[in-house]
Ligand code: SAH
Ligand code: SF4
């Protein structure tokens, strides 16, 4: 039993299955989230015999922090070890008005984008709902989390059921009570799942990792594009936008050597236009093994200007935590392959 992997309804049903009144389930959930305690015995108000039984059945926290890096800009990156010894990363990004946590949805990633550290060794396994939620709780204990983005390692659409479950727990008032609008799922583009998400959770925010508006470039950067080319992915995004009634967001990692010519700006604007999408331009956080180059500030400005001239609506995002390997998968990789 993993208390961080239960919705309120499930926590109540779980208590009932032990012959306890349903409020015990809710109490366990509230106690665990508020206190972020390591043992059931430390959850306030839980009967001692129950707490002992639960502690005997397994540790409360599904992961422990094994490494922590703090950036000059306040970004904190934590490397967590799961019960089976696997490592995942989560990042806390505090700003004046928000505290955003970036969570991983899988150990590694099967997609294998050419620029990303997470996909270098493929996928090792899916994270459970409790393991996803715990990444948020881990940082919530330090200061209340207001936003969660699924932008750590893994492709959320390939672990869809567990991601959906985690979203529901994070949204539950007895859990962290985050509004759906404060939750963002980022995907490299799985059409059937994009449409399904519009049905299952229309209130959350969806971002598509586009990275190129033409199939040739995109297939080189995001191998999934060979299976589901742009027409299919953008078609799914259009259906998504129709269904949820909001404009989608497109993410575009700026790779100096790969997707920053004037023609790339043209095709990006053309892809975004029918969706009325907003574009986030993200200067690449270099991962040595990939060979891709981070653009200079002047190159970023030139591309953003070209994009604006052809009608693209874009914001250049700052690379938070770039001094601490904050790009997804980098810290885990460094830990596993010390050089
Ligand atoms: N697999 C999902 C979500 C995790 S990656 C996806 O690809 O959307 C989250 C975002 O981080 C993606 O837009 C991805 O392209 C971007 N990203 C990955 N590695 C990066 C790096 N080294 N520098 C900047 N952005 C990176
Ligand atoms: Fe996977 Fe996203 Fe990294 Fe691509 S960018 S390898 S989809 S985690």
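Here residue 212 meets the list (1) in contact with a strand residue (DSSP E or B) (Cβ under 7 Å, 6 or more places away or on another chain); (2) in a loop (DSSP other than H, G, I, E, B) almost entirely, failing just condition (1). Does residue 218 satisfy being out of contact with any helix residue (DSSP H, G or I) (no Cβ under 8 Å at 6 or more places or on another chain) and either assigned to a helix (DSSP H, G or I) or over 23 Å from residue 132 (Cα atoms) (or both)? No: the conditions fail for residue 218. Candidates 281, 268, 275: the one that is within 16 Å of ligand 2 (Cβ to nearest atom) and in the same structural domain as residue 193 (by TED's automatic domain parsing) is 281. Whenever a residue of the range 111-134 is outside the structural domain of residue 169 (by TED's automatic domain parsing), it has no partner that is part of a loop (DSSP other than H, G, I, E, B) and within 15 Å of ligand 1 (Cβ to nearest atom) lying with C-beta atoms less than 6 angstrom away and at least six residues away or across chains. Quick one: in the range 296-339, which of the residues that are surrounded by 22 or more Cβ atoms within 10 Å (Cβ to Cβ) and at pLDDT 65 or above is nearest to residue 266 (Cα to Cα)? In this case the residue turns out to be 307.
Would you confirm whether any residue within the range 55-71 is at positive phi and under 24 Å from the mean Cα position of the chain (by Cα)? Scanning the range 55-71, I find no residue that is at positive phi and under 24 Å from the mean Cα position of the chain (by Cα), so the answer is no. With respect to residue 142, is the statement that it is surrounded by fewer than 19 Cβ atoms within 10 Å (Cβ to Cβ) and either at positive phi or near ligand 1 (Cβ under 10 Å from one of its atoms) (or both) true? Judged against the criteria, residue 142 is not a match. Residue check: residue 101 meets all listed conditions (1) away from ligand 1 (no atom under 13 Å from the Cβ); (2) within 16 Å of the chain's Cα centre (by Cα); (3) at positive phi but one, namely (3). Is it fair to say residue 246 is at pLDDT below 90, more than 16 Å from ligand 2 (Cβ to nearest atom), in a loop (DSSP other than H, G, I, E, B) and surrounded by 14 or more Cβ atoms within 10 Å (Cβ to Cβ)? Answer is no for this residue.
In the range 180-198, is there at least one residue being within 12 Å of ligand 2 (Cβ to nearest atom) and either more than 22 Å from residue 236 (Cβ to Cβ) or in contact (Cβ under 8 Å) with a residue 60 or more places away in the chain (or both)? Yes, the range 180-198 contains a residue that is within 12 Å of ligand 2 (Cβ to nearest atom) and either more than 22 Å from residue 236 (Cβ to Cβ) or in contact (Cβ under 8 Å) with a residue 60 or more places away in the chain (or both).
The values are calculated or read from the model by the stated rules, or taken from the named source; none is laboratory data. Model, not experiment: these values are computed from the prediction. Cβ: placed from backbone, ideal geometry, glycine included. Neighbour counts: every protein chain shown.
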